[in-house]
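In what follows, a structure is listed as structure tokens, so that the remarks can point back to it.
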Amino acid sequence: MDLLKKNIHMDRVRCEAVTQITLEDDRNIPDNKPDVSSINLEKAEVIIEEIKPGTDTVNLKGHLQFSILYHTMEPGSSLVPFSGEIPFEEKLIMKGVMAADTVHAMGEVEDFSVGIINSRKLSIRSLVTLSASVEELYDEEAPIGIHGESGKADCLEYRRMPLEIAQIAICKNDIFRIRDEVNLPANYPNVFRILWSNVQLADVEFKVMEEKLSIQGDVQLFLLYEGEGEEHPIRSFETAMPFSGVLECHGCREGMLPDIRYAKGQQELAVRPDLDGEERCVGLELALDIDIRIYEEETVEILSDIYGVTKEVKVQTHKTDLNRVRSCVTGKTKVTDHIRIPGGSAAILQILHSEASVSQEQQSTVENGILLKGGMEVKVMYVTGDDENPYACVTAQIPYSYTLEVPGILPGDMGKIHGNVEQLQVTMLDGEEMDVKAVLCFSTMVFEQIPVELISEIEVADADSAVMSALPGMIIYVVKSGDNLWNIGRKYYVPVEKIKELNHLSGDELQVGQKLLIVKGS
């Protein structure tokens, strides 16, 4: 006899590796740019260009792309942009990876600083975290029946166990492209040169629909630019650009559980002529790299045990873990603090722009939740009262501690936490201090791992005549502690339903000391 089996689709991280590297370089200011007086703004991101897996190693090749905005004392321009790249190549030790594997890799800037060596040379230093992983899909074969089941009552007895599980229904990566443009307000000068730009995403939401995913959110755009004219006046412009659309997603249905992550990919920001031919139209092209995992909950009845009635049965089993979704949760917490500008700095006249990012340093399971600790980095650009350095920027780290509520969570439950800054408000208190208020949003899908022992194979053979002959023809069995109908039936090669029928039992519960009539061959 053969088992009927159902494939349960699962996903897992087969192997992964993380390393930190320091990238540093000294860069000369190009001849066509003026001298450096002080640094105003800086930012950097890691670009992975090549991922080359080998046996137990992964070679990552890419570069750190940085942008700097500095003050100059020379006439004609107070702020000057400067950008560049620092290439890197790093080998990660990752046990279990093979040359044919598809490896996912990413880089994160943990720290980035710019120092002034002299007016024509800058020192660039960054701490970068590189991570790589191999994720795979696999099937667990769960026994749900037996071929030739109609005749099983003559020789086999088996019982079923219902399991609530979460199968992965869709696992893929996709790209959503945003193309939009905005015209500057009428009272703003035409754009001569963009000095600094910042593109952030906010309120991004995904919804599972029939055969597709809907996506909507906002792109928050900030520009600092030199305007046309003899003095090239510096202006800042900030706006929110809503977007929406759909992604084809064959096989998804309403009611499925999405676990979707996104990151900014390639972006291009360009100034274009408007209908009058003036440089007043700002066009944005942005690609969102989307990691799609969609799960489907299902209750599966598996065969949990088998014994023979007129046959001898040998069962082969294997241990595994199946996943069940414990909870899909989203939580928000408020963060407030004050930021003071460094002593001796020029007073704040006006706040131009603020931005923030959230980092997670610690994650631990507590009673009915996940304790998260980390920091929110805030950057604020403002106008000063100093004519020689009219613009300044201050950066601050604001710590947070928050418990994301997950009822019934256990230490072994797993889930990746996604955090972002949902709201940020920075206001002046006086010429030296600013008030910061923010709302941090965290979300996760928590999986409970269910350890099970699945039946892999069964072998059915003729019963041992000596064993069958030694069984009593009839016996009054006295129930002991730990007994149940299944174990009693297995011991005497009698179907459970026959024991219940002979003893007029309506349920499966037994009491210690209860007497049961067992008849051989019944």
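Just so you know, all these numbers are worked out from the coordinates, no wet-lab data involved. Fair warning: this is a prediction, and the values are worked out from it, not measured in the lab. Neighbour counts run over all protein chains shown; Cβ positions are idealised from the backbone, glycine included.
Observations, loosely collected:
- Label point distance in nm, A240-S359, each placed 7 Å from Cα along Cα→Cβ: 2.8
- FRET efficiency estimate (nearest 0.05) - Cβ-Cβ, N368 to K212, R0 35 angstrom: 0.50
- Residues with amide H under 5 Å from that of Y400, placed H, sequence gap 5 or more: G374, G375, M376
- Square roots of five times the Cα gyration tensor eigenvalues for region 337-392, Å: 36, 10, 8
- Positive-pole candidate from A166, L213, A263, dipole of region 148-309, charges at beta carbon: A166
- Debye intensity ratio in log₁₀ form over the Cα atoms of region 327-449, taken at each q of 0.19 Å⁻¹: -0.93
- Each residue of region 487-501 was assigned a 3J(HN,Hα) from its phi angle through the Karplus expression (A = 6.51, B = -1.76, C = 1.60, θ = phi - 60°), giving 5, 5, x, 4, 5, 10, 6, 10, x, 4, 5, 5, 5, 5, 5 Hz with x at Gly and Pro.
- Lysines with Cα under 24 Å of K207, excluding same-chain neighbours fewer than 8 positions away: K172, K264, K332, K416
- Evaluated on region 98-238, the Kirkwood hydrodynamic radius is 23.3 Å, with distances taken between all distinct Cα atoms.
- Going from the residue with the fewest nearby Cβ atoms within 10 Å to the one with the most, V335, V478, V182 rank V478, V182, V335.
- Eigenvalues of the alpha-carbon gyration tensor of region 385-492, scaled by 5 and square-rooted, set the equivalent ellipsoid semi-axes at 74, 16, 8 angstrom, largest first.
- Long-range HN-HN contacts of R160 with modeled amide H, under 5 Å: S304
- All distinct Cα pairs of region 148-309 go into the 1/r average, and the inverse of that average, the Kirkwood radius, is 20.1 Å.
- Radius of gyration and Dmax over the Cα atoms of region 465-522, both given in Å: 11.0, 34
- In sequence order, region 473-478 has phi-based couplings of x, 8, 8, 9, 9, 9 Hz under the Karplus curve 6.51 cos²θ - 1.76 cosθ + 1.60, θ = phi - 60°, and Gly or Pro positions carry x.
- Distant-in-sequence amide contacts of G54, defined by a placed amide H-H separation under 5 Å and a gap of 5 or more residues or a different chain, comprise N59.
- Each of T320, T310 was scored by other Cβ atoms within 10 Å of its Cβ. Listed from fewest to most, they are T310, T320.
- Fewest-first sequence of C15, C328 by Cβ atoms within 10 Å of each Cβ: C328, C15
- Phi-based couplings in Hz for region 405-420 (Karplus 6.51, -1.76, 1.60; Gly and Pro marked x): 6, 9, x, x, 5, 10, x, x, 5, 10, x, 8, 8, 10, x, 8
- Near-label residues of region 448-469 by backbone N, under 16 Å of a point 7 Å along Cα→Cβ of H147: 456-461
- Three-way shape label, region 30-70, alpha-carbon gyration tensor, a/c 1.5: prolate
- Shape analysis of region 50-158 places it in the prolate category; the axes a ≥ b ≥ c from the Cα gyration tensor give an a/c of at least 1.5, with a/b above b/c.
- Our note on the geometry: Cα centres of region 187-245 and region 358-403, 22 Å apart.
- Longest to shortest principal axis, alpha-carbon extents of the chain, angstrom: 111, 48, 46
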